[in-house]
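Just below is one structure, and these are the notes that go with it.
The values are calculated or read from the model by the stated rules, or taken from the named source; none is laboratory data. Quick caveat, the model's predicted, so the values are computed rather than measured. All Cβ positions, glycine included, derive from the backbone under ideal geometry; neighbour counts span all protein chains shown. Each accessible area value is taken on the protein alone, full model and side chains, heavy atoms only, with ligands, DNA and RNA left out. Shrake-Rupley method; radii C 1.70, N 1.55, O 1.52, S 1.80 Å.
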Amino acid sequence: MFTDRADAGRQLAARLEYLRPSDPVVVGLPRGGVPVAFEVAGALHAPLDVIVVRKLGAPMDPEVAMGAIGEDGVRVLNDDVLRQVGVRAAALSTVEQRERAQLEARETLFRGGRERVALQGRVVIIVDDGIATGATARVACQVARRLGARRVVVAAPGYAGDTF
């Protein structure tokens with residue numbers, strides 16, 4: 001369907017062209033979402049930034065998202081998964097502390113000392129390369145709203161069929 005992330009970004013941008021008149025800001029979710037977002041931002045002539053998020057993987061299977069964390073202390077938990085896997089508060093805290101340290105390191109890496117693009121009153125397009133559980137997309141939406149986004153649109157070239 002897509003030759004690479006750049007191709008996915010160009011195809012996604014064509015579907016998002018209707019947002020160009022709203023003067024949007026495009027934010028990519030590192031790492032895989034950034035090359036897709038780069039293409040979207042270029043096609044829409046929009047500023048590009050990142051919102052750094054981290055999945056909170058279950059201790060026994062890190063691919064299972066118990067939730068996610070984002071910049072500025074934002075956290076989203078998946079209560080259904082927490083109940084199903086029976087994770088105790090101490091185990092959740094351990095995972096969150098580890099992922100928070102990674103998140104802070106990546107903020108420094110990806111932002112490189114630059115200020116964020118202001119989201120206040122803007123249409124924000126959150127771009128990832130794919131959405132599995134939706135945990136990181138949900139936490140990114142909360143970060144964007146906390147930063148004053150007027151409207152938030154989530155865009156990805158692929159997603160798991162039961163995500164939405």
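Hey, in the GNM for the chain with a 10 angstrom Cα cutoff, which one of Leu109, Leu19, Leu44 fluctuates hardest?
Taking springs between Cα atoms under 10 Å, the residue moving most is Leu109.
Can you compute the equivalent ellipsoid semi-axes for segment 1-62, i.e. the square root of 5 times each eigenvalue of the Cα gyration tensor, sorted largest first and rounded to whole Å?
They are 25, 15, 9 Å, listed largest first.
Could you tell me the extents of segment 1-114's C-alpha atoms along the three principal axes, largest first, rounded to whole Å?
46, 35, 26
Leaving out ligands and nucleic acids, and using a 1.4 Å probe, what accessible area per residue does segment 57-156 come to in Å²?
53
Which order do the peptides 121-132, 84-95, 63-74 come out in when sorted by mean C-beta neighbours inside 10 angstrom, highest first?
121-132, 63-74, 84-95
Considering only C-alpha atoms, what is the centroid distance from segment 37-105 to segment 106-154, in Å?
Going from one Cα centre to the other spans 12 Å.
Could you please state how large a percent of the accessible area of segment 67-150 is carbon and sulfur, counting protein chains only and using a 1.4 Å probe?
47
Near Val36, within a Cβ-to-Cβ distance under 11 Å, what is the net charge of the other residues, with Lys and Arg +1 and Asp and Glu -1?
Within the 11 Å Cβ shell, the charges total -2.
Taking every pair of alpha-carbon atoms in segment 47-164, give the share separated by more than 19 Å as a whole percent.
Of all Cα-Cα pairs in segment 47-164, 48 percent lie more than 19 Å apart.
Of the heavy-atom accessible surface of segment 1-54 (probe 1.4 angstrom), what whole percent is carbon and sulfur?
Ligands and nucleic acids excluded, carbon and sulfur give 54 percent.
For segment 89-130, what does the equivalent ellipsoid look like in terms of its semi-axes, each the square root of 5 times an eigenvalue of the Cα gyration tensor, given largest first in whole Å?
Over the Cα atoms of segment 89-130, the ellipsoid semi-axes are 26, 15, 11 Å.
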